[in-house]
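Okay, structure first, notes after.
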Amino acid sequence: MSTIESLNLKNLHVIVLHEFQSDDIQELENEFFRNLSTIIGKLKNEEYDGIEKKAKNQIISTVTNLTDLLINKRLEKISNSPTMSYSILTDEEKFVIDSNDEMNERKDMIISGIINGKSKFLETTSTKHKTKPVTVRFVKEFAEIVGVDLEKYGPFKPEDIATIPNENAQALISNGVALKVRIEE
């Protein structure tokens, strides 16, 4: 029996319980979260009426909550264990912790720049961060702006997509004018 066929609500519940009852991270098959996603996707696409629809929606809600608990517990264990074996993590978990590693590297670079008097490096890093291009989708009309790079952008209508400097994008996002668009590499 394949993993996808053996993965059901009861099994997921047992996996979550084991994760919470053990100090060590349990080893999951690398495809575990992809299989879980496939099951949820199929379930969401099934058409039901009446009580069956309510039951399906409750199952989806329960699976969603269990998945959230499992991922958060596993990531907590990963964060708290400096000797965690990278090989037992799923690809999705590796994706998440790689961003933590990058954040720590950036933090170390900034601290080094500060304590070693490298103000030019800090200025260059700051400028690059402010002006790095970010793609946003506008949800409200917005007038033309002058970016931190001194270029003109806009005007914008709802649903317009634009690539603008990070500092300007963050201001628009925090004011509810635009949403960040994630472009997969």
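The values are calculated or read from the model by the stated rules, or taken from the named source; none is laboratory data. Bear in mind the structure is a predicted one, so any value in this text is a computation, not a measurement. For neighbour counting, all protein chains shown are included, and Cβ atoms are generated from backbone atoms with ideal geometry for every residue, glycine included.
A Cβ distance below 8 Å, combined with a sequence gap of six or more or placement on separate chains, defines the contacts here; from the range 26-45, residues that are closer than 10 Å to residue 7 by Cβ reach residues that are modelled with pLDDT of 90 or more and among the hydrophobic types (A, V, I, L, M, F, W, C) in the pairs 36/12; 36/63; 39/63.
Flag: residue 124 does not match the condition of being over 30 Å from residue 164 (Cβ atoms) and assigned to a helix (DSSP H, G or I). Considering only the range 148-185, state which residues are in contact with an Asp or Glu (Cβ under 8 Å, 6 or more places away or on another chain) and not basic (Lys, Arg). 148, 153, 154, 155, 156, 158, 165, listed by residue number. Return the total of residues in the range 143-185 being more than 11 Å from residue 133 (Cβ to Cβ), in contact with a helix residue (DSSP H, G or I) (Cβ under 8 Å, 6 or more places away or on another chain) and part of a loop (DSSP other than H, G, I, E, B). Here the count works out to 1.
The rows are residues; the columns are (1) at pLDDT 95 or above; (2) assigned by TED's automatic domain parsing to the domain that holds residue 28; (3) assigned to a loop (DSSP other than H, G, I, E, B).
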| residue | (1), (2), (3) |
| --- | --- |
| 75 | no, yes, no |
| 98 | no, no, no |
| 103 | no, no, no |
| 137 | yes, no, no |
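In the set (1) surrounded by 15 or more Cβ atoms within 10 Å (Cβ to Cβ); (2) assigned to a helix (DSSP H, G or I), the condition left unmet by residue 25 is number (2). Between 51, 88, 40, 97, the distinction of being out of contact with any His (no Cβ under 9 Å at 6 or more places or on another chain), farther than 30 Å from residue 127 by Cβ, surrounded by 15 or more Cβ atoms within 10 Å (Cβ to Cβ) and of a type in the set (A, V, I, L, M, F, W, C) belongs to 40 only. Residues that are within 22 Å of the chain's Cα centre (by Cα) and more than 24 Å from residue 126 (Cα to Cα) within the range 138-175 comprise 138, 139, 161, listed in sequence order.
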